[in-house]
Amino acid sequence: MTLSMKVTGFNVMQTAMAKRKTALLKRRAVNSRAVTVVDSWIQRNFKSQGGNVGGWKPLAEATKTPKRGGESSKILQDTGTLRLKWNHIATNKEAAIESLAKSKDGFYYGAAHDKGTKNNRPPKRRILPEDREIWPKLRLVYGNFIKSALR
């Protein structure tokens, strides 16, 4: 006499798993939300003149008077270009934000401020968040996405 067992429902399980896999691959919307979270952090940082990172180095006296047609005496906001020129990239495979602000001669001054330069001109004024500053909010965004996709 033999003992046997028939497993049923395998096709149903395969279909359900394929559906969840498809849902997990559709990340454009969640990546867009993640980019918005990062952009909000950047905008709050500008509004508070570096408050998210302990404050930015004050303006030198020579730069307090708007020279380039700007109207603001706020740090890094003379014309608003650096604060406003951000490109959001959100696809199923990528979430990114990049500064498009550059001078007339093609110098990307946002990167120079954020990372600093050898001669400290312009002075380092961090614009972008570090992982530890933004990851808790991103973890929630992606965690909710995963929970929803696996339902």
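Since every read-out is calculated from the coordinates, none of them should be taken as a lab result. In this text, all values refer to a predicted model and were calculated from it rather than measured experimentally. Cβ: placed from backbone, ideal geometry, glycine included. Neighbour counts: every protein chain shown.
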Phi angles of segment 107-116, converted by Karplus (6.51 cos²θ - 1.76 cosθ + 1.60, θ = phi - 60°) into ³J(HN,Hα) in whole Hz with x for Gly and Pro, give 7, 7, 6, x, 5, 5, 5, 5, 9, x
Final fewest-first order of Leu25, Leu138, Leu3 on the 10 Å Cβ neighbour count is Leu3, Leu25, Leu138
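With 16 Å as the cut-off, how large is the P(r) tail for segment 24-150, expressed as percent of Cα-Cα pairs? Working shown, then result.
Details: 5364 of 8001 pairs.
When every Cα pair of segment 24-150 is considered, 67 percent fall beyond 16 Å.
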Residues meeting the amide H criterion for Arg125 (H placed from the backbone, H to H distance under 5 Å, 5 or more places apart or on another chain) are Asp114, Gly116
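Give me Thr63, Thr15, Thr8, Thr2 ranked fewest to most by other Cβ atoms within 10 Å of their Cβ, as a rough exposure proxy. Working shown, then result.
Details: Thr63 13, Thr15 10, Thr8 6, Thr2 3.
Lowest to highest Cβ neighbour count: Thr2, Thr8, Thr15, Thr63.
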Straight-line reach check, Lys115, cutoff 22 Å on alpha carbons, 8 or more apart in-chain or any other chain, hits among lysines -> Lys47, Lys57, Lys74, Lys85, Lys102, Lys104, Lys124
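May I ask for the net charge around Pro58, where only other residues with Cβ less than 12 Å from the Cβ of Pro58 are counted and Lys, Arg are +1 while Asp, Glu are -1?
Values: positive: Lys57, Lys64, Lys74, Arg125; negative: Glu61.
Net of charged neighbours comes to +3.
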When the chain is treated as a Gaussian network with springs between alpha carbons less than 10 Å apart, the largest mean-square fluctuation among Ala90, Ala23, Ala101 is found at Ala23
Here the relative contact order (percent) of the chain, from C-alpha pairs under 8 Å and at least 6 apart, is 26 percent
